[in-house]
Amino acid sequence: RGDEDKLAAWLAEEVCPVELREEQLREAVLVRCRAEGIEPPGRLDRIAGAAKALFEKSFCERIVLRLGVAGAERLESLLDQGAGRGGLLAELKADPGQVSLETLLREVDKLKAVKALRLPAGLFTDCSERLVEAWRARATRSYPSDLAATPQPVRLTMLAALCWTRSAEITDALV
């Protein structure tokens with residue numbers, strides 16, 4: 001059990017930030033066991049699951065800390081705006097549509113609204129693009145009611161990843 005906990009902690013700290021697939025996490029545990037000359041544990045799924053949970057907790061705490069109280073409140077306001085139809089959250093999830101002057105102006109308005117959230121400049125600088133994209137995809141798939149029911153650190157991390165990536169995408173598309 002002690003070895004399993006050590007492997008889960010190592011996996012959460014070293015591998016989870018860059019690898020998200022279960023199969024790759026299990027393979028990393030096997031490689032680590034061979035390198036240390038220990039018998040691989042039989043419960044690799046449990047170790048991978050525990051590592052993912054540890055990593056998610058620390059990752060969300062780090063992002064929430066970087067957001068600060070004011071940033072968290074601004075992100076939470078997205079759920080209030082998206083409670084009915086429309087709102088910035090729904091707009092961020094939506095495809096921009098055909099290229100036209102109207103679309104261009106809507107995208108400019110979206111970018112202004114995302115910039116008004118004032119996300120910190122270095123919010124995801126030490127994170128892999130794949131990781132941020134996974135959190136963005138999670139936010140995109142979630143209904144506002146599901147987001148509201150999600151624990152706050154996870155919810156804020158998903159919303160931050162969505163806003164962060166959409167800001168960059170909208171900027172690139174406008175350029």
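Mind telling me which of the residues Glu73, Glu22 ends up being loosely packed, with under 15 Cβ neighbours inside 10 Å, farther than 18 Å from Glu133 by Cα and among the charged types (D, E, K, R)?
None of the other options fit; the residue is Glu73.
With the condition kept exactly as written, say whether any residue in the stretch 8-16 is of a type in the set (D, E, K, R) and open to solvent by less than 40 Å² (accessible area, probe 1.4 Å). Steps first, please.
Filtering the stretch 8-16 for residues of a type in the set (D, E, K, R) gives 13-14.
Narrowing further to those that are open to solvent by less than 40 Å² (accessible area, probe 1.4 Å): none.
The answer is no, given that none of the residues of the stretch 8-16 is of a type in the set (D, E, K, R) and open to solvent by less than 40 Å² (accessible area, probe 1.4 Å).
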task = Pull up the stretch 95-120, narrow it to residues that are open to solvent by 90 Å² or more (accessible area, probe 1.4 Å) and within 20 Å of the chain's Cα centre (by Cα), then point me to the one that is farthest from Phe59 (Cα to Cα).
result = Asp95
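Go through the stretch 62-91 and give me each residue that's in a helix (DSSP H, G or I), modelled with pLDDT under 85 and among the charged types (D, E, K, R). Before the answer, list the steps.
First, the residues of the stretch 62-91 that are in a helix (DSSP H, G or I): 62-81, 87-91.
Still in the list and also modelled with pLDDT under 85: 79-81, 87-91.
Asp80, Glu91, listed by residue number.
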ask   = Quick one: would you say Ala28 is touching a residue at least 40 places away in the same chain (Cβ under 8 Å) and either part of a helix (DSSP H, G or I) or open to solvent by less than 20 Å² (accessible area, probe 1.4 Å) (or both)?
value = no
note = Ala148 passes all but one of the listed conditions (1) at pLDDT below 90; (2) in contact with a Ser or Thr (Cβ under 6 Å, 6 or more places away or on another chain); the exception is number (2)
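Examine the stretch 135-150 for a residue that is out of contact with any helix residue (DSSP H, G or I) (no Cβ under 8 Å at 6 or more places or on another chain), under 21 Å from Leu54 (Cα atoms) and either of a type outside the set (A, V, I, L, M) or surrounded by fewer than 14 Cβ atoms within 10 Å (Cβ to Cβ) (or both), and state whether such a residue exists. So that I can check it myself, show each step before the final result.
Taking the stretch 135-150 first, the residues out of contact with any helix residue (DSSP H, G or I) (no Cβ under 8 Å at 6 or more places or on another chain) are 137, 141, 143, 145-146, 149.
If we keep only those that are under 21 Å from Leu54 (Cα atoms) too, we end up with 137, 149.
Restricting the remaining residues to those that are either of a type outside the set (A, V, I, L, M) or surrounded by fewer than 14 Cβ atoms within 10 Å (Cβ to Cβ) (or both) gives 149.
Yes, there is a match, as at least one residue in the stretch 135-150 is out of contact with any helix residue (DSSP H, G or I) (no Cβ under 8 Å at 6 or more places or on another chain), under 21 Å from Leu54 (Cα atoms) and either of a type outside the set (A, V, I, L, M) or surrounded by fewer than 14 Cβ atoms within 10 Å (Cβ to Cβ) (or both).
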message = Suppose we keep only residues that are in contact (Cβ under 8 Å) with a residue 12 or more places away in the chain and out of contact with any Lys or Arg (no Cβ under 6 Å at 6 or more places or on another chain) within the stretch 156-169. Which one would you say is most open to solvent (accessible area, probe 1.4 Å)?
response = Trp164
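The values are calculated or read from the model by the stated rules, or taken from the named source; none is laboratory data. Remember, it's a predicted structure, so these values are computed and weren't measured experimentally. Don't worry about glycine lacking a Cβ; one is built from the backbone with ideal geometry, like all the others, and counts go over all protein chains shown. All accessible areas refer to the heavy atoms of the entire protein, side chains included, with ligands and DNA or RNA removed. Shrake-Rupley method; radii C 1.70, N 1.55, O 1.52, S 1.80 Å.
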